[in-house]
1. Show me the ranking of peptides 87-97, 35-45, 4-14 by mean Cβ neighbours inside 10 Å, starting with the highest.
2. Sorted from fewest to most neighbouring beta carbons within 10 Å, what does the list E63, E101 look like?
3. Using each residue's phi in the stretch 87-94, evaluate 6.51 cos²θ - 1.76 cosθ + 1.60 at θ = phi - 60° and report the 3J(HN,Hα) Karplus result to the nearest Hz, with x for Gly and Pro.
Amino acid sequence: MDVVLDFFVDRFRNIIARAGGPLNFRLVVMPTVVSILAIRAHLRDVREGKPVFFGAFVTSPTERRRLVRSGLKDFGKVFVVACVLDTVYQLIALKGFYPGETIFVAVVCAIVPYFLVRGPITRLVHLLLHRRDASPEPPAAATKPDPESRKTKE
């Protein structure tokens with residue numbers, strides 16, 4: 001039992017140590033890049049008139065396939081880069097390779113931010129679009145009576 005506990009404690013320490021070790025910029029850069037890709041993907045969906053990401057993902061199996069493909073296209077390359085950077089980090093700092101940690105860090109850096117950003121952005125854009133569409137027409141400018149027309153009536 002102690003061996004298993006020690007294994008998990010070591011993995012946890014390794015993951016926590018990544019925040020201060022070499023290549024720590026990737027822990028900021030990767031989520032930022034994925035967030036930008038999520039915003040671009042949502043704006044593309046809005047322009048094309050496609051349904052809300054999370055709602056369609058949960059309720060529509062046909063849309064789910066399209067959304068998974070779209071998400072893989074958006075964050076797939078970033079996920080691979082996150083795996084490569086974490087592997088390089090492990091080889092430099094830990095003098096070994098731990099695939100489970102690599103997958104965990106890549107998921108946290110690539111997939112989690114994609115879904116965390118895309119949902120609120122979806123709501124924000126739809127809210128802004130509905131406000132713009134629901135805003136009443138500006139009132140017509142009140143026309144001032146023409147002074148010439150007053151003279152003719154008198």
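Rule-based calculations on the coordinates, nothing more; no lab input. The structure displayed is predicted, hence computed values, not measured ones. Note: ideal-geometry Cβ built from the backbone for every residue, glycine included; neighbour counts use all protein chains shown.
1. 35-45, 87-97, 4-14
2. In increasing order of surrounding Cβ atoms, one gets E63, E101.
3. 5, 4, 4, 4, 5, 6, 8, 9
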